[in-house]
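Everything below concerns the one structure shown next.
The values are calculated or read from the model by the stated rules, or taken from the named source; none is laboratory data. Predicted model, so just to flag it, every value in this text is computed and none were measured. Neighbour counts run over all protein chains shown; Cβ positions are idealised from the backbone, glycine included. Please note that ligands, DNA and RNA were not included when accessible areas were found on the heavy atoms of the full protein model with its side chains. Shrake-Rupley method; radii C 1.70, N 1.55, O 1.52, S 1.80 Å.
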Amino acid sequence: MRILLVGAGAVGQAYGRHLQLGGARVSFLVREQYAEACRAGLTLYPLNRAKAIRWQPVPFTGFGVLIRADEVATDTWDQVWLCVSSPALQGPWLHELLLAIGNATLVFLQPGLRDRDIILEHWPAERLVQGLITLLSYQAPLPGEPVPQPGVAYFFPPLSATPFAGPRDRTQAVVDALRAGGCRAKVNPHVRKHAAIGSAVLIPHVRALETAGWSLQALRKSPLLTLAARASHEAMTIAARYNGFPPPAARHAVHPWLTQFVLGVAPHVLPFDLETYLRYHFTKVGEQTSAAMAVYMELGTALGLPYTHLERLLRG
């Protein structure tokens, strides 16, 4: 099986390694300025390993590196994974790439409300598989981590399995490719709904944390937590209406006390500092967070739904 991953960031490297472990012939499509470093080989730290070996580097080599769509067109691909941010889908490069990948299954992992629609402007639904990222990954080291050399650290939360939805045979092939490489994955026809609601909860809380100076302690003691919960309720209602399903009853469980509980438990489960990770990761993808907030308000206007708390949160 030949698999092309578009983007060799923290997400692409982690999934790429497991696809390669499962026997796939993996290649990355990257910007020219990153090609040389990528060809030199990558270093990964799978944090689900035993504590004694957690920070031992794992070399990741033996993959192809491409930089242009015409190079992509010279080969035949079974799957092409989009491992880039939501805003990146807006560029003209996407249409050029899709013209070059033939009959491949296109796998997209972007969480934005409009991302699927953007892709469907250029690609048929019968060859499209949607996935929901369940891993936490970042460029290591974070401050204080005992990393012998820089690389990508990644962690799959307990009992998590990456879900995928789409045409049956193509979706099963994606799941099988990951499972063969030791990565938990499953077919779940409700991925679109889970992605929409999950993002509607996460994005406002990330924005609130940013406004609190990326301090979890400050957030837990701040009225921003209540504002984030109310903004999440608005975002979930907008996301549900846009996708054509009723607002989930579970939205009422998004409450400051639950967030406080999660923030209290998470540091005891994760093998890295949560506050530092959130600051690093969401500062890096800040454009995506702001764009998502703006989309909720734009759709709220179009659908006649309120977004007062989202607007307050976006304005800080």
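Report every pair of residues separated by at least 6 positions or lying on different chains whose Cβ atoms are under 9 Å apart, first residue within segment 161-189 and under 16 Å from Leu106 (Cα atoms) and among the hydrophobic types (A, V, I, L, M, F, W, C), second assigned to a strand (DSSP E or B) and open to solvent by 70 Å² or more (accessible area, probe 1.4 Å).
So the pair list comes out as Phe164/Lys186; Phe164/Val187; Ala165/Val187; Val174/Val187; Val175/Lys186; Val175/Val187.
Give me the pairs, please: first residue somewhere in segment 299-316 and among the polar types (S, T, N, Q), second residue anywhere and open to solvent by less than 50 Å² (accessible area, probe 1.4 Å) and assigned to a helix (DSSP H, G or I), beta-carbon distance under 8 Å, and either six or more positions apart or on two chains.
Between residues of segment 299-316 that are among the polar types (S, T, N, Q) and residues that are open to solvent by less than 50 Å² (accessible area, probe 1.4 Å) and assigned to a helix (DSSP H, G or I), the close pairs are Thr308/Glu234.
When only residues in segment 1-33 that are aliphatic (A, V, I, L, M) and surrounded by fewer than 18 Cβ atoms within 10 Å (Cβ to Cβ) count, which is nearest to Pro57 (Cα to Cα)?
The selected residue is Leu21.
Please find, within segment 54-71, the residue that is least open to solvent (accessible area, probe 1.4 Å) out of those that are among the charged types (D, E, K, R) and not in a loop (DSSP other than H, G, I, E, B).
Looking at the filtered set, the residue picked out is Glu71.
Mind checking which residues of segment 195-223 are touching a residue at least 60 places away in the same chain (Cβ under 8 Å), farther than 19 Å from Tyr280 by Cα and either in contact with a strand residue (DSSP E or B) (Cβ under 7 Å, 6 or more places away or on another chain) or among the aliphatic types (A, V, I, L, M) (or both)?
Ala195, Ala196, Ala200 - these are the residues of segment 195-223 that are touching a residue at least 60 places away in the same chain (Cβ under 8 Å), farther than 19 Å from Tyr280 by Cα and either in contact with a strand residue (DSSP E or B) (Cβ under 7 Å, 6 or more places away or on another chain) or among the aliphatic types (A, V, I, L, M) (or both).
Only one of these conditions is not met by Thr74: (1) without any contact (Cβ under 8 Å) to a residue 12 or more places away in the chain; (2) surrounded by 20 or more Cβ atoms within 10 Å (Cβ to Cβ). Which number is it?
Every listed condition holds for Thr74 apart from (2).
Give segment 89-110 a look and list any residue that's out of contact with any helix residue (DSSP H, G or I) (no Cβ under 8 Å at 6 or more places or on another chain) and either buried (at least 16 other Cβ atoms within 10 Å of the Cβ) or farther than 18 Å from His122 by Cα (or both), or say none.
The answer is Leu98, and nothing else.
So which helices (runs of 4 or more DSSP H) stay within segment 218-297 end to end and still have 3 or more residues that are out of contact with any Leu (no Cβ under 9 Å at 6 or more places or on another chain) and either among the aromatic types (Phe, Trp, Tyr) or open to solvent by less than 70 Å² (accessible area, probe 1.4 Å) (or both)?
Result: 224-243, 256-269.
Got a number for residues in segment 195-217 being in contact with a Leu (Cβ under 8 Å, 6 or more places away or on another chain) and more than 21 Å from Val265 (Cβ to Cβ)?
Total satisfying the criteria: 5.
Anything in segment 34-53 that is aliphatic (A, V, I, L, M) and open to solvent by 60 Å² or more (accessible area, probe 1.4 Å)? List them, or say none.
Ala37, Ala40, Ala50, Ala52, Ile53
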